[in-house]
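Every number here is computed from the coordinates shown, using simple stated rules; none is lab data. All values derive from a computational prediction rather than experimental measurement. Using ideal geometry, Cβ is built from the backbone for each residue, glycine included, and neighbour counts are taken over all protein chains shown.
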Amino acid sequence: MEPVYASVIGFAKGLFAAQGLRFTILGAENVPTTGGAVLVVNHTGYFDFAYAGLAAQPSGRLVRFMAKDGVFAHPVGGPLMRGMKHIPVDRAAGADSYCAALEALRAGEVVGIFPEATISRSFELKEFKTGAARLAAEAGVPIVPLVIWGSQRVWSKGLPRRLGRTKVPIIMTIGEPVPVAADADPEQVTAEYKQVMAGLLDVARAAYEPMTGSDLRYLPASLGGTAPTLDEATRLDAAEAEQRRAQRSSGSSGSSAASEASEASEASEASEVPEE
């Protein structure tokens, strides 16, 4: 195994053990042991990329995640991300990110993508971008759906971090690979695998331990929780994006601790392939 990736995996496993996290991984055999594949993952927490990488371990695969380029600028995280051959996403130069992911897939790598692009505050599936489908079609590789449930209870957007010994259970389910033809319609492919992920997510939620009391904030409103509805979360995301644009245009984005914290959290989220 690659030395940087191996070291990070060892550290992560030690951290997760110290936290008492209880992982259940179902369908691990659906991750191809050889050849390229696009691993698509739902996004409810800041550590989703680390958890999803664990789900590919039984098949002996190292996932190359697409992540916002801000992570690669971090003095500690940047060298580690590059050492693990993750792929930076610069939305101002999306073609470069797309080409890097395509090259990795053609070289037989598993590329991890979060089609929602950013964390879902509602803990429901948000609108999916079509980048994963476009990449799979052009590279001639399958899409492998993976759903994670429970990670939002460790650390999610707008909620406090819970990095102590929480013993949070996390369920990860990998679905069967979805073949993608070279001439497939990206919109149709995206709708199809999103439906598969919705079904897997329903099963994971049904199998999960009941959430009560303060933990209801981690449960979708549609299931009786107090998380924002999908529409409410969409409005919150839009307002936050507009605030960032205003700060950048006024030149004040780096002038306050609040702005810096906002940019740091934005960069620490995963990303999707920029739309062409």
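Here the Gaussian network model covers the chain, with springs between Cα atoms less than 10 Å apart; of A139, A207, A95, A207 fluctuates the most. Placing unit charges on the Cβ atoms only, positive for Lys and Arg and negative for Asp and Glu, gives the chain a dipole magnitude near 1120 debye about its Cα centre.
When +1 charges are put on Lys and Arg Cβ atoms and -1 charges on Asp and Glu Cβ atoms, the dipole computed for segment 1-137 relative to its Cα centre reaches about 100 debye.
In the chain, taking the dipole from charged Cβ atoms about the Cα centre, the farthest positive-side position among N42, L236, Y208 is held by Y208. The mean sequence distance of close C-alpha pairs (under 8 Å, at least 6 residues apart), as a share of the length of segment 49-200, puts its relative contact order at 20 percent. Each Lys and Arg Cβ is given +1 and each Asp and Glu Cβ -1; about its Cα centre, segment 94-241 then shows a dipole of about 880 debye. Full extension of the chain between T34 and Y208 gives 59.5 nm of extra length, using 0.36 nm per residue less the Cα-Cα distance. Between the alpha-carbon centres of segment 37-75 and segment 97-132 there is a gap of 10 Å. Here the contact order of the chain, divided by its residue count and restricted to Cα pairs under 8 Å and six or more residues apart, works out to 28 percent. Farthest towards the positive end of the charge dipole of segment 3-268, among the residues I25, S249, V154, is the Cα of V154, using unit charges on the Cβ of Lys, Arg, Asp and Glu.
Beta bridges assigned by DSSP with both partners in the chain are antiparallel in approximately 25 percent of cases. Membrane-span-like helices in the chain, defined here as complete DSSP H runs extending at least 20 Å along the helix axis by their C-alpha atoms with mean Kyte-Doolittle hydropathy no lower than -1.0, are 3-19, 186-207; this is a sequence and geometry rule, not a statement about a membrane. Lysines near K68 by alpha-carbon distance under 26 Å, same-chain residues fewer than 8 away left out - which ones? Counting by Cα, and skipping residues close in sequence, K68 has these lysines nearby: K13, K85, K126, K129, K157, K194. The peptide list 5-17, 41-53, 219-231, put in order of mean Cβ contacts within 10 Å with the highest first, becomes 41-53, 219-231, 5-17.
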